[in-house]
1. Is the C-alpha gyration tensor of region 308-458 telling us rounded, prolate or oblate? Criteria: a/c under 1.5 is rounded; beyond that, a/b larger than b/c is prolate, otherwise oblate.
2. Which residues among region 200-223 fall inside the zone where the amide N is under 17 Å from a point 7 Å beyond the Cα of Ser187, along Cα→Cβ?
3. Post the alpha-carbon centroid distance, region 205-270 to region 827-866, in whole angstrom.
4. Normalised by the residues of region 219-336, what does the relative contact order come to in percent, with Cα pairs under 8 Å and at least six apart?
5. Answer with one residue from Ser67, Thr105, Ile89: the one whose Cα lies farthest towards the positive end of the charge dipole of region 53-114, charges on Cβ with Lys, Arg +1 and Asp, Glu -1.
6. So which of Lys359/Lys474; Lys209/Lys314; Lys333/Lys474; Lys579/Lys686 end up more than 27 Å apart, counting from Cα to Cα?
7. Return the lysines within reach of Lys55: Cα separation strictly under 18 angstrom, same-chain partners fewer than 8 residues apart disregarded; answer none if there are no such residues.
8. May I ask you to compute the full-extension gain from Glu827 to Ser901, defined as 0.36 nm times their residue separation minus their alpha-carbon distance, rounded to one decimal in nm?
Amino acid sequence: MTVSRDTLQVLLQRASTGGGEPETLNQLTEAESVPGFYAELLSIAAAPGAPLDAKFAAAAYFKSVVSRRWRSAESPIPLDVRADIRAAILDAALDPNPLVAAQLTAALSTIARVDYPTQWPDLFNDILARIAAAQYPSTQLERLWSCLLQCLKAVINARFGRRKTAIAAQADQVLSVCVEAYRNYISKYLQTREDSLLLAHLSLKCACKLVVSCVDNLPNSEHTCIMFSEMSNALPQLFQIRSTDIGSILLAKHIQRIGKCYLAIIEAKPYSFVLMPRAPDIIRSYISLADSKADIFRLNPTEVTPEMDADFWKAVSLQALKLFRSLALFIVKREGGLAVRSAADNKHEQFKLAFQIAKNDILTIEYVDYLSNLLLTKFFPLTPTHLEQWQDDPEQWIYDETQASWEYDLRHCAENIFHVMLSAFTDHMVPQLAQFIEQSDNIDNIMDRDAIYAALGAGATFLHEYIDFDRFVKNSFIPILQGTDPSFRILRHRICWVISQWVTVQCNDRDAVYKILQQTIDPSNELNDIVVRFSAVVALRYCVDDWEFEADTFVPYILFFLDRLMSMLCSELEMVETKLYVLQVAAILIRSCGSKVQERLDQVLAVLPPLWRDSGDEQLMKVAVLQTLTHLADNLSDIPPSLYEVSFAFLWDSIQRDNPDYIYLIDDALLLWSRLLTNSAKPDEKINAFGPMAVALLETPPEDVELLLGIIEQHLLIDGFELCKNCGVQLMKNLITQLPNVSINSGVEICNILCTMELLFEGENLRALFSVQTSTKSMGIVDALVEDILHEKVKYALLEVKSLLVFAHLVIKDAEFGIGLLKVAVERQSRTMNDLVREWVDRFSSIIVLSEKKLNAMCMVAILAHGAIDSTLANEILSLAAQMIEEVHEVNGDSQAYYSSETPLNEGDRRRLSLLETGPAHKIPMKGFVKGCALHLLNENRLQDVYAVLDEANQALLERMLNE
């Protein structure tokens, strides 16, 4: 059987247009195993003159099938077919059409990642040979460089060592070709403006990838030094060309690529970068460019013209700041001893030399002063563009401010760099900055003062030894809040931000800070626009979500802030993202202040349904609603009906598997569900309706199966009879199914559920539940537990102890039934009851809880008395029973030693302990139980057999019991 080219083209066309998709894809999948399929598929993709849609569909499917089957163990591509593909793929990937070439190049990189170097050792030699033979300039040459780049990425990023070792061995050869090509291509472009810039761009990307990942000692690498020289020589000329050709996207990308190369090298190998030729000049030239172009970013948006090329220069300036940041970090880490790994590295001297150059030749004290002044005066202040965005869309602007990353924003990058500089040059910069900040009250310009306060916030971790923040708040911040000029809202926003930076570092007068936040979150003041109020919310979050937060000192402010947060959620905010943030702060406030929020419970609950309803596709908002309810359930003295009512609706929605948001909500829904059960002495009766849902979820459980099992146990403790009447059989089947796959903690939870059922039920009800078997293996729960123990599948003593406790409860409650189940279970494993009890005796010392030791000892005595084992283990079993009798003084079967000294954590724990207190560990006297078993042996005429193997101490104990 073969696949004709025409048939394959028809199938590919149908698949690409979506017509009859399931049937078509099945036909294609079946065709993959037909001889000649891959060759035909690749020939369609590479056929010159073929229709583009057919070529692209073939290339896309080829990439897909290579990704699925090249590494597949179940349905791998045959080895001879792989060899044919490797021979053809490189030429096919040179297709003139960029869309087709991109798909085939992606397939090539997948093959390279798997087959290099074992199956395709000549991969890079093959590509380099084709590059050397290709005509210049040509589309084919561009495709070859793209293939080389993607293969380098695939191999270098591979996790396994042999690929990295192989490419490291070839790195010098490949790098020499890349660097020489870059030198030729960039020279042609700079001299004649030939169309070689794309080739220069691609060859530089290849070279940089190799240098960063495969070259260890950059200063000693001839090719790396040449690359550095070529980049540094070309950069000024490229900037000059850019001034007259601002429309060239490729030129902008290549200039930025050079900056990315510098950044990649200095971040990965900072000491090597510093030792490279002209490294100091590179750093200083970039900073100089950023300085010269900074005024562009401070113009009004209407004043910025296309000729200014603002976006391009912003990107270059950001690279300049990042370069300097990496250099300053090198100094910080070197002084902290992080950069020097060991003397055996043979790099110690190079590190020392690089550090001296960085600190003494590049970052001199004078240059540090220049840079800090540059950051403070040109990059810290808000620009007209910022202010325009603030005015036009304040809510969006302040949200972006809270989420902004220093890696992508000039102002935030400057603040981050300033912090690094303070760390690197603490002794020089911090005293000067502190003195400058202390005199900031004399500065009238709002923007300048805002920049100074930005420095105050950025340097909080260093300035706290020089600045008394409490005094600064009183003398500087509070007077500012008295100002009425509209421009003062800028300082109000900044004050809130500074508080968020300082409150976790140094802030003793929390009362003054809370009063400032009261003033800035108040909407009745016209200066408090949404930016200022949201900034106050951010600062509030830092205040209450802090180790040193004291709820008692916050009591006078709790209701005010909670009212403000609820008001913002109801009517002042429009964006889902800002509402989400405010709700998260409210949840933190509730968590931190506990029952003190009870007075505003109804107000909080009234806000949540609209937030849930209006969240749309924003699952995080629904998650925040669930978390808020969980915090309320955790911190209220008792859960009121109103909290149950609101929670039930959200819970029911969240646990439905057909809900598209199920996967996002289930974990937080389970946590809320658990808290509603465990934190109330009398849970709302309506929650019983959720019990069967918990059992149903266990069929295909969520990730947190342990929490789900705990929920099921709580439903049993609250009304186990109702739950088991409705779905007890299904519950047992689910437990049997899940047991082999669960973690130790989940296994313990399953045992807890079984023990709870054993304590709740007896007689026919108990027998009915523990007789349930799965339909596939006809296995019961006791069978599953015994299999794990006898086949040593239980790797943890705790889980085995809990399993044995399940047997103990069952045998003590119904000896005939329990022992019968155990006999059947051990026979299924081709073992004996003696094997099981031998394991039981050996594990007895691992049992820590005295009440559980009692139950286990009683159970083994009962098994012995009912003749389920021979008398060879009798002496050891009686010794364990005697040990319990001697160690614990019982009164009517109970003892204080059987009770835990730990206080129950919640109402759920209290229910569990109350049920345990009704069980045999507290009701059946140990001595009386052993005596009863001895009498049973006597009645069965087996006492003498047992008595004969006992030592003198156990014989005496047995005699005393029988004579009492």
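The values are calculated or read from the model by the stated rules, or taken from the named source; none is laboratory data. Owing to the predicted nature of the structure, the values given are computational and were not obtained by experimental measurement. Glycine gets a Cβ as well: all are built from the backbone with ideal geometry, and neighbour counts include every protein chain shown. These accessible areas exclude ligands, DNA and RNA; they are computed on the full protein's heavy atoms, side chains included. Shrake-Rupley method; radii C 1.70, N 1.55, O 1.52, S 1.80 Å.
1. Prolate.
2. Once the point is set 7 Å along Cα→Cβ of Ser187, 200-201, 203-204, 223 turn out to lie under 17 Å by backbone N, inside region 200-223.
3. Going from one Cα centre to the other spans 73 Å.
4. 30
5. Looking along the dipole axis, the top candidate is Ser67.
6. Cα-Cα > 27 Å for Lys359/Lys474; Lys333/Lys474; Lys579/Lys686; rest within.
7. Those lysines meeting the cut-off are Lys63.
8. Extra length from Glu827 to Ser901 when fully extended: 22.5 nm.
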